[in-house]
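Throughout, read-outs are computed from the coordinates displayed, never taken from laboratory work. Just so it is clear, the structure is predicted and the values come from calculations on it, not from any experiment. Backbone-built Cβ (ideal geometry, glycine too); neighbour counts: all protein chains shown.
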Amino acid sequence: MKTLAENPLLALRWLLLLGMTLIFTAANSYFLAAGNIFALGESFALLGLVALGLALTMLAGEFDLSGGAMVSVAGLIMLKCGADNALLGLLAALAFGGLVGLFNGIVTLKLGVSSLVTTLGVMILLSGFAVWLEGGQAVSFENYDLTDAFNMDWFGILSPRSVITIALFVITGLMLAFTRMGRDIIAVGSHRKAAGMAGADVRGAVVTTFVLSGLFAALAGALLAITLGRASSTFGANLLLQGASAAILGGVALSGGIGRPFGVAIGVLVLAVLNNGLGLIGASSPAILLLNGGVLLIAVLAGGAPGTWLRARLA
Amino acid sequence: MSAATLSRTSVFGALFAPARVQATVIQIATVVMFLVACAFIENFASASNISSILYSASTVGIAALGLASVTISGNLFALSLGSTAAFASIVYIAASGWGVLPALAASLALGLVFGLLQGLVVGWLRCNAIISTIAAGSLIAGLATWVSDGRTVLAESGPSWLGSGTLMPGVPWQAVLFLLIVIVGEVLMQRTRAGWELRLRGTNPDAAELAGLRVTRMVVLSYVLAGAGAAIPGALIAAQSGTGNLRVGADLDFSAIAAMLVGGVAIGGGRGRIIDVASGTLFLAVLTNILLVNNFAYEVQLMVKGLAVLLAVMAGALLARKKR
């Protein structure tokens, strides 16, 4: 009860996660089977990387709208450049993601334009670029060995993609907690002027979050393309809104400075479990949309006046 | 300053002041681009092409106008416009048996109610503005899918004046409606107490609240306007195509945001006018049309639109800095 009183949102996401797991397990015993946990890990990997990158920019007081479109573009670059040599494709996709992130960061800082505006332009540009790269036909990957390697499982439940994603969540968490750059990012997001005067590297911190956001989204797209053996300009379609939802659900504040990768991981897990479970029990598409909206609405209410009211009552 | 001293230079100064320079540049660029295209592109100035520009500008533009009230009052943007438009298109077709105006009123009422609910959540319950509208977008899409069973609804009656009628060749009624909303919106925003309070809420939310302005009411009002602004394009598209479905308004959210930003409305609130939204919309509509009549593919149009947003805002920031 104490945690609930201190932070209703924190307790809420655990309650949601636990409640949904119980309901879905009761509805379909396959929910907790190894095969389904493997599938959950795959959706966690895709949404998780986009949400983590977005959360980093939010932590520094910015916002990267281009992550979803980057997933599509990076998947296509991966397969176009990596047809003969997969490593080359991966490097090209990551380099592109990092460069676009660098552009987002530099334009935002140098021109003093809101990152919402910079990254909106980049997002529209990237979605056009993705359709152009795709060239009206499905892009597939002939390197079946690599695709097979990415579809194998460890202990029946972990895929290479989910392991990579979990590792990046841990590394980012450690970076924020224990490195100077991590502290700078949080300080810059909490109060930019004060952080600058206290000696934090404001420019470095902001640019770093955008570069990491671009890299994470590009990695998510490249790994998705390898795993599925194909790429399409529609892969990133709903990822931006879902990633933003996951970050907020995970306790990241739009105003900056608040939120940690662990919370984001829980937020991503809530959405992944919800959609996986609804698919498993064969929910209709209006039910899926309404429940996604409903969960977000609960989270948003917990962060607003009703949450404050609840906290006062429980304290 | 008295009217007599308002010389030519001060009018020039006002137009190119740091806060106005991007809007002015885009207005000039729109006119220049339009005239050049008329002179050099065959059939660009034909009635059918002008009306196709105006059709696309009217739908995106009306959504952008409603959205601008949310942005100017300091709540960044709403992401529920597309699904509101989709639901409104379904309602319009379902109600089209009653006649054009009742059907338009029915979809408008839908938009007003959804806008009011979001306004109450953001303004009264003080919830996160962006995530509230993402949640609303998902809920509205869910309701619309449930009501329509996920199918496209077809109109029983033929095309109406609202769908494809024209005031004169090249000027569809939809464009007249757009113009009327621009004029009313500009007057309300610049000349009434509510408009003034709305703008001040965007400039400095805390100060506006401390000064005793009707802050909550203004935030609720801005979402009501955004809801209405999203419902009307849904109805217009339905009237024109004779169909209503969930794909109507698919790109509406980000197209409206782009149009508004290109026109010179500041994302952070407080700065920008209703006519700027209109000029940003026209700029993008003319630009897209030029690419279209030159047979550039959809993806090139998208890339150029993204570049236009970036360049307009970057140029605006650079020019504003130079003047300071």
Subject >> the protein assembly as shown: Lys pairs at Cα distance under 28 angstrom, eight or more positions apart or on different chains >> reply: 9
Original post:
Counting pairs of alpha carbon atoms under 8 Å apart in space and at least six apart in sequence, what relative contact order in percent does the range B:45-323 give?
Top reply: 36 percent
Original post:
In whole Å, how far is the Cα centre of the range A:152-195 from that of the range B:77-136?
Top reply: 38 Å
Original post:
What helices does chain A hold that run 24 Å or longer along their axis, going by alpha-carbon atoms, with a Kyte-Doolittle average of -1.0 or more, using DSSP H for the helix calls?
Top reply: A:8-27, A:34-59, A:86-111, A:115-134, A:160-178, A:202-228, A:261-280, A:285-303
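For the range B:45-323, what class follows from the C-alpha gyration tensor (a ≥ b ≥ c being the square roots of its eigenvalues): rounded when a/c is under 1.5, otherwise prolate if a/b is larger than b/c, else oblate? Numbers along the way, then the final one.
Numbers: a/c = 1.70, a/b = 1.18, b/c = 1.44.
Oblate shape, in that a/c is at least 1.5 and b/c is the bigger or equal ratio.
Kindly identify the range A:2-314 as rounded, prolate or oblate by the Cα gyration tensor criterion: order the square roots of the eigenvalues as a ≥ b ≥ c, call it rounded if a/c is under 1.5, otherwise compare a/b with b/c, prolate if a/b is larger, else oblate.
Verdict is oblate for the range A:2-314.
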Subject >> Most positive-pole-ward Cα, B:Y298, B:L252, B:G316, against dipole of the range B:212-316 from beta carbon charges >> reply: B:G316
**OP:** Could you let me know the centre-to-centre spacing of the range A:260-296 and the range B:202-264, using Cα atoms, in angstrom?
**Re:** 27 Å
Original post:
What size of dipole, in debye to the nearest 20, comes out for the protein assembly as shown about its Cα centre when the only charges are +1 on Lys and Arg C-beta atoms and -1 on Asp and Glu C-beta atoms?
Top reply: 2140 debye
Subject >> Size of electric dipole in the range A:2-314: Cβ of Lys, Arg +1 and of Asp, Glu -1, about Cα centre, debye, nearest 20 >> reply: 1060 debye
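With +1 on each Lys and Arg Cβ and -1 on each Asp and Glu Cβ, and nothing else charged, work out how big the dipole of the range B:45-323 is about its Cα centre, in Debye to the nearest 20. All intermediate terms of the calculation are to be shown ahead of the outcome.
Working: 15 positive and 10 negative charges, 161 e Å.
In total the dipole reaches around 780 debye.
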Original post:
What net charge is computed for the residues neighbouring B:V219, neighbours being all others with C-beta under 14 Å from the C-beta of B:V219, Lys and Arg scored +1, Asp and Glu -1?
Top reply: +2
Original post:
Between A:L120, A:F96, A:L215, whose Cα lies farthest towards the positive end of the dipole of the range A:2-314 when Lys and Arg beta carbons carry +1 and Asp and Glu beta carbons carry -1, centred on the Cα centre?
Top reply: A:L120
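Counting pairs of alpha carbon atoms under 8 Å apart in space and at least six apart in sequence, what relative contact order in percent does chain A give? All intermediate terms of the calculation are to be shown ahead of the outcome.
Values: 543 pairs, mean separation 111.7, N = 315.
In percent, rounded to a whole number, it is 35.
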Original post:
Cα gyration tensor of the protein assembly as shown, axes a ≥ b ≥ c as square roots of the eigenvalues: rounded (a/c below 1.5), prolate (a/b > b/c) or oblate?
Top reply: rounded
**OP:** Would you be so kind as to identify which of B:I62, B:T30, B:L110 lies farthest towards the positive end of the dipole of chain B, taking Lys and Arg as +1 and Asp and Glu as -1 on Cβ and the Cα centre as origin?
**Re:** B:T30
**OP:** List the DSSP H helices in chain B whose Cα atoms stretch 24 Å or more along the helix axis and whose mean Kyte-Doolittle hydropathy is at least 1.0.
**Re:** B:21-40, B:47-72, B:100-119, B:129-148, B:173-191, B:215-241, B:274-293, B:298-323
Original post:
Scanning chain B for GluC sites (Glu not before Pro) in DSSP loops with at most 13 other Cβ atoms within 10 Å, what's the longest stretch left with none?
Top reply: B:157-324
Original post:
Please state the relative contact order of the range B:253-306 as a whole percent: Cα pairs under 8 Å, 6+ residues apart?
Top reply: 28 percent
